[in-house]
1. Does the range 266-285 hold any residues that are part of a loop (DSSP other than H, G, I, E, B), within 15 Å of THR194 (Cα to Cα) and open to solvent by less than 30 Å² (accessible area, probe 1.4 Å), and which are they?
2. Determine which single condition ARG145 fails, assuming it passes every other condition in (1) free of Cβ contacts under 8 Å to residues at least 24 places away in the same chain; (2) surrounded by fewer than 17 Cβ atoms within 10 Å (Cβ to Cβ); (3) part of a helix (DSSP H, G or I).
3. Go through the range 286-314 and count every residue that is part of a helix (DSSP H, G or I), within 17 Å of VAL351 (Cβ to Cβ) and open to solvent by 10 Å² or more (accessible area, probe 1.4 Å).
4. With respect to the numbered conditions (1) free of Cβ contacts under 8 Å to residues at least 12 places away in the same chain; (2) surrounded by 15 or more Cβ atoms within 10 Å (Cβ to Cβ), which one is the sole condition not fulfilled by GLU134?
5. Give the range 17-31 a look and list any residue that's in contact (Cβ under 8 Å) with a residue 40 or more places away in the chain, touching a helix residue (DSSP H, G or I) at 6+ places or on another chain (Cβ under 8 Å) and either of a type in the set (Gly, Ala, Ser) or on the phi > 0 side of the Ramachandran plot (or both), or say none.
6. Looking at the range 252-295 only, could you name the residues that are under 20 Å from ALA220 (Cα atoms) and of a type in the set (Val, Ile, Thr)?
7. Name the residue that is most open to solvent (accessible area, probe 1.4 Å), counting only residues in the range 184-200 that are assigned to a loop (DSSP other than H, G, I, E, B) and not β-branched (Val, Ile, Thr).
8. Test LEU203 against the stated conditions and say whether it is in contact (Cβ under 8 Å) with a residue 12 or more places away in the chain, closer than 15 Å to LEU166 by Cβ and assigned to a loop (DSSP other than H, G, I, E, B).
Amino acid sequence: MDDTAPNHFTALQPRPVSGWPLRALCDFDTASPHFFGHVLTASDLKRQCVFSALAEIEQNARTLAGALGAASGVQGRDPLAQSARSLVLLKPAQVLRAIYNSVPDALLGTLKRVGPDPFSRLGLYRDLFRLFAEPEERERADLIRQFPGKLTEERLEIALALDSALLHQRVFERVTDLDGAEQANAAVRLIRATVSTATTAELRRSVAVLPQVIGLSTWAASWLRRLDRPLAAPPALSDPDLTVLGVADLRAASMQLRNCLRERVLHVATGRDCYVVSTASPGAVAELRRTSDGRWVLFDMWGPGNDRPDQNVADEMRGKLEAAGVVSLAAAVPEAHLEPLAEFFGTFDLVSGWPPPRRARNRLQAIQEAA
C-alpha cells in the first residue's frame, strides 16, 4: 500500500479532550455508551457544537434535554441519556438550533474555524451566539467574519473586548492579545476624556485610513495632541518669561531645546506632569508633578540638550515658580551642604537627577589657572 496516498479517514482519528467538558462527557458516556468515542472522533465543528451544549447543560440540564430530544425525536426518562443520544444523532446546525432557538449567519463557520478544543470560558459560546444574532453587534461580528485564517479563543475575546471606536479590521489585526485590547481601550478612554472632537464616529473614521506602517500608539498620540480639555489645571503663572506647555506645544519646544519633550505627550495628557519653559537665555524646562490635592511640585529642571540647566536661570525660575505657589522638594540640610555629602557617600540621587559638581576641585582649578 502506498503510504503517500491520501488518508480519507483522517477526520475519524480520535483526538483528546481536556478541561471542563471531561466530567460531563464521562457522565454522558455512562448514560449512553460510546458517546465519548463519538466526540473523540467528531469533526471540529461537531465537537464545538457538543461543547456549546455542555456549557448550556451546566446551567439547565433538563430544559436542554427536552429541546435536544424534540429536535432528534429521542425521548426517555433520563435527561443525560436523552441529551447524549440526541447529540450523536443531530447535525451541528440542529444542535445549535436546539440550544439557542436559531442559528445566526457565520456562527457555524466561526465554530468550524476555532479548532477541536473547548473554550476555557464557558460563557464564550453564548457570547458568540449573541454577537452574531444581535444586529447592533454587526460591526463587531464583522471583525471575526473578515479575519483571515484560523481563529483562536483569544482572538474571539479580543473582538468582544474592543472599544466600539476600534471596531475596524486594521485595529483587529494589530491587537494580538487581550492585554493589547485593554491598553488600546484605555487610550481611547483618555482620548474621549480630553479631546472634545473625539466622537466614536470620528475615531472610527481615523482608524479606517490608518496606514499599515503606523502603530496604534502613534495614532492615539496624534489624537492626544488635539487635547482641549485638560484633566488637570496647570499652575497660574503671570510672569512673561515662563510659559506652560500644552500637549500641542511639546514637539516645537523639543526641537528648540533639543530634548525629549516630544515624548511626554502622555505625561501631560494624563495630568500627571506639567512642563514650564523659561525664555531667559539659554533656556530651561521645569518638570512639575501634580499632587493628590491638585497642587504642583517642582520635580526636575533641564537645560538645552537635556543638560544641567544654567544655574542663574534655574535659580530665577525656581523663585518665580515658588512665587506662583509651586513648591520644590528639599531636604532639611542646606543644598550647599547636601551636595558634598552626596558626593562623599556616592549617593548622587540625593540631590537631583544631575551629578553634583565638584565645587572644591573647580575652585582649586580656578586658583591654579589664575596663578
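1. So in the range 266-285, the residues part of a loop (DSSP other than H, G, I, E, B) come out as 270-272, 279-283.
Next, from what is left, pick out any that are within 15 Å of THR194 (Cα to Cα): 270-272.
Correct list: GLY271 only.
2. (1)
3. The qualifying residues number 1.
4. Only one criterion in (1) free of Cβ contacts under 8 Å to residues at least 12 places away in the same chain; (2) surrounded by 15 or more Cβ atoms within 10 Å (Cβ to Cβ) is unmet by GLU134, namely (2).
5. ALA31
6. If we filter the range 252-295 for residues that are under 20 Å from ALA220 (Cα atoms), which is where we start, we get 252, 254, 260-274.
VAL265, VAL268, THR270, listed by residue number.
7. Checked the range 184-200; the qualifying residue most open to solvent (accessible area, probe 1.4 Å) is SER196.
8. Taking the combined requirement at face value, the residue does not satisfy it.
The values are calculated or read from the model by the stated rules, or taken from the named source; none is laboratory data. Because the structure is predicted, anything quoted here is derived from the model rather than measured. Here Cβ is always computed from backbone atoms with ideal geometry, including for glycine, and neighbour counts include all displayed protein chains. The protein model used for the area step is the full one, side chains on, heavy atoms only, and it has no ligands, DNA or RNA in it. Shrake-Rupley method; radii C 1.70, N 1.55, O 1.52, S 1.80 Å.
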